[in-house]
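Here the structure is laid out as structure tokens; the discussion comes afterwards.
The values are calculated or read from the model by the stated rules, or taken from the named source; none is laboratory data. Keep in mind the model is a prediction, meaning the values are calculated, not measured. Positions of Cβ are backbone-derived with ideal geometry, glycine not excepted, and every protein chain shown enters the neighbour counts.
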């Protein structure tokens, strides 16, 4: 019976290396989460709803507002933080400071909705599996 543990040590070293890579999991997930949040927000804009799923108030003419708001949306990540950025007049709609003082939330800022939580969970689980199994 062999008394050499070299194969066991190689396997142990491989496991240790994978666990060490998990320390970078938050930084690796942030860009993926940002992209998925961007996609969710673009879908909401196309549907004319806020991050909570509630429809936006129609315009004075009775039309769906902010149909081109996706063009004002960008995303990225800095460290462990996923970022969605809204620019232009759409910001005033989001904050309720546009003419008419009607708030039409675009970004998921107040609470984590189920789609946002699911996007974070899936991105984290996929990256975890990639590190552990890869």
> residue 83 versus (1) over 30 Å from residue 24 (Cβ atoms); (2) touching a strand residue (DSSP E or B) at 6+ places or on another chain (Cβ under 6 Å): which is the lone unmet condition?
Replying inline: (1)
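Results for (1) in a helix (DSSP H, G or I); (2) under 21 Å from residue 33 (Cα atoms); (3) in contact with a helix residue (DSSP H, G or I) (Cβ under 6 Å, 6 or more places away or on another chain), shown as yes or no for each residue.
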| residue | (1), (2), (3) |
| --- | --- |
| 97 | no, no, no |
| 101 | no, no, no |
| 104 | no, no, yes |
| 111 | no, yes, no |
| 119 | yes, yes, yes |
| 122 | yes, yes, no |
| 125 | yes, yes, no |
| 130 | yes, yes, no |
>> So residue 88 ticks every box in (1) part of a helix (DSSP H, G or I); (2) at pLDDT 90 or above; (3) loosely packed, with under 13 Cβ neighbours inside 10 Å but one. Which box is left unticked?
In response: (1)
> Would you say residue 131 is touching a strand residue (DSSP E or B) at 6+ places or on another chain (Cβ under 9 Å), under 25 Å from residue 24 (Cα atoms) and surrounded by 15 or more Cβ atoms within 10 Å (Cβ to Cβ)?
Replying inline: no
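I'd like to know if the range 52-64 contains one or more residues that are surrounded by fewer than 18 Cβ atoms within 10 Å (Cβ to Cβ) and closer than 28 Å to residue 130 by Cβ.
Checking the range 52-64: not a single residue is surrounded by fewer than 18 Cβ atoms within 10 Å (Cβ to Cβ) and closer than 28 Å to residue 130 by Cβ.
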> Of all residues in the range 67-76, which are buried (at least 18 other Cβ atoms within 10 Å of the Cβ) and either in a strand (DSSP E or B) or on the phi > 0 side of the Ramachandran plot (or both)?
Replying inline: 73, 75
> How many of the residues in the range 1-54 are assigned to a loop (DSSP other than H, G, I, E, B) and closer than 18 Å to residue 108 by Cα?
Replying inline: 6
>> For the list (1) exposed (fewer than 14 other Cβ atoms within 10 Å of the Cβ); (2) touching a strand residue (DSSP E or B) at 6+ places or on another chain (Cβ under 9 Å), I need the number of the one condition that residue 37 fails.
In response: (1)
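Out of everything in the range 47-57 that is in contact (Cβ under 8 Å) with a residue 24 or more places away in the chain and out of contact with any helix residue (DSSP H, G or I) (no Cβ under 7 Å at 6 or more places or on another chain), what residue ends up being nearest to residue 113 (Cα to Cα)?
Here the answer is 52.
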